[in-house]
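Report on one structure; see the data block that follows.
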Amino acid sequence: MTDSTTFPTMAFIGGGNMASAIIGGLIAKGVPASQILVVEPWDEARANLKKNFGIDALPAASNALAKARLVVWAVKPQTFKDAAAVSAQFTHQAVHLSIAAGITSDSIAAWLSTDRIVRAMPNTPALVGKGITGLFARAAVTTDEKLLIEKVISTTGQFVWVKTEDHLDAVTAISGSGPAYVFLFLEAMTKAGIDMGLPADQAHQLAVATFQGGSELAARSSESPEVLRQRVTSKGGTTHAAIVHMQAQKVPEHFIDAMRAAEKRAQELAIEFGK
């Protein structure tokens, strides 16, 4: 259990899935609901916050936000500017953490009239405490503020700091969007198992466990994924047949191209919604 006094009062602008993942992690660490403010305009989302965490979320920004020392912006990119316009007057005292994809810290700084901004790109495994988040801080963010944000984000899993803000687009393409790639492969593996005669539940179990086990093996090993792949790919064997087929179809190249498309879209979001 974490000493809740090590966490200041925090505010979340937006109370959807990713905000709920972080809030759930904080509550699990012993942070009381009374130290967490949420602004959430949707009735259903406010009801879920009350049911799941005992938080009475606000339907709109108010002076209550002035108590917060950290403000987490968990809004959609297209609504960030409007949300900032009504909230900024109450949040000058805070350091700001944005988890909105694509919106640059320059835009956020202009909207909020502060340079104390950290951008984050989390992913949905944060919902089960297995996420990984890329972080970038502007120069005005202090060491203590970075440490606070690390403590908050670590309740949802791992984190990495990137040196330049544009690297967050790569983080978005790899890990931010990455769970969907895993789910796509799980869909395909499950369908293949069913087509080969397995019951659907067994095919699904085999596919999920294989991803879990392979990822854990890669995490614990000092060897590269390439070496690990080679170790289980005996020439002329079943794995070799599958790998050769995928390489002939240029699956790795197409996969890389797909992540480039995600990176490009992240860059486009900044242009579309960051003005």
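The values are calculated or read from the model by the stated rules, or taken from the named source; none is laboratory data. Note that the structure is predicted; figures quoted are calculated from it, not measured. Don't worry about glycine lacking a Cβ; one is built from the backbone with ideal geometry, like all the others, and counts go over all protein chains shown.
Remarks
- Residue selected from the stretch 128-147 under the condition hydrophobic (A, V, I, L, M, F, W, C), surrounded by 12 or more Cβ atoms within 10 Å (Cβ to Cβ) and without any contact (Cβ under 8 Å) to a residue 40 or more places away in the chain, by the criterion farthest from ILE103 (Cα to Cα): ALA140
- Qualifying residues in the stretch 194-208 (those that are farther than 15 Å from PHE183 by Cβ and among the small types (Gly, Ala, Ser)) - the one surrounded by the most Cβ atoms within 10 Å (Cβ to Cβ): ALA200
- First in the stretch 225-247 and in the same structural domain as SER215 (by TED's automatic domain parsing), second anywhere and exposed (fewer than 11 other Cβ atoms within 10 Å of the Cβ), Cβ under 8 Å, 6 or more apart: HIS240/SER234
- Those residues of the stretch 161-185 which are buried (at least 16 other Cβ atoms within 10 Å of the Cβ) and not in a helix (DSSP H, G or I), in sequence order: VAL162, SER177
- Residue within the stretch 72-81 that is assigned to a strand (DSSP E or B), of a type in the set (A, V, I, L, M) and farther than 19 Å from GLU165 by Cα present: no
- LEU135 being at pLDDT 95 or above, in the same structural domain as GLN78 (by TED's automatic domain parsing) and aliphatic (A, V, I, L, M): yes
- Inside the stretch 27-59, residues that are touching a residue at least 40 places away in the same chain (Cβ under 8 Å), in contact with a Leu (Cβ under 7 Å, 6 or more places away or on another chain) and not in a loop (DSSP other than H, G, I, E, B) make up a count of 1.
- Each residue in the stretch 103-138 was checked for being touching a Gly at 6+ places or on another chain (Cβ under 7 Å) and part of a loop (DSSP other than H, G, I, E, B), and 6 of them qualify.
- Enumeration of residues in the stretch 82-102 that are in a helix (DSSP H, G or I) and among the small types (Gly, Ala, Ser): ALA83, ALA84, ALA85, SER87, ALA88
- Looking at ALA94, ALA109, ALA100, just one residue is in contact (Cβ under 8 Å) with a residue 60 or more places away in the chain, in the same structural domain as ILE149 (by TED's automatic domain parsing) and not β-branched (Val, Ile, Thr), and that residue is ALA94.
- Breaking point among (1) in a helix (DSSP H, G or I); (2) of a type outside the set (Lys, Arg); (3) over 18 Å from MET189 (Cβ atoms), for ALA209: (3)
- In the stretch 138-161, of all residues being in contact with a Lys or Arg (Cβ under 6 Å, 6 or more places away or on another chain) and at pLDDT 95 or above, the one that is farthest from ALA28 (Cα to Cα) corresponds to ALA140.
- Of all positions in the stretch 119-127, none carries a residue that is without any contact (Cβ under 8 Å) to a residue 24 or more places away in the chain, surrounded by 14 or more Cβ atoms within 10 Å (Cβ to Cβ) and in contact with a Ser or Thr (Cβ under 8 Å, 6 or more places away or on another chain).
- For the stretch 1-26, a residue qualifies if it is part of a helix (DSSP H, G or I) and either on the phi > 0 side of the Ramachandran plot or surrounded by 18 or more Cβ atoms within 10 Å (Cβ to Cβ) (or both), and the qualifying residues are MET18, ALA19, SER20, ALA21, ILE22, ILE23, GLY24, GLY25, LEU26.
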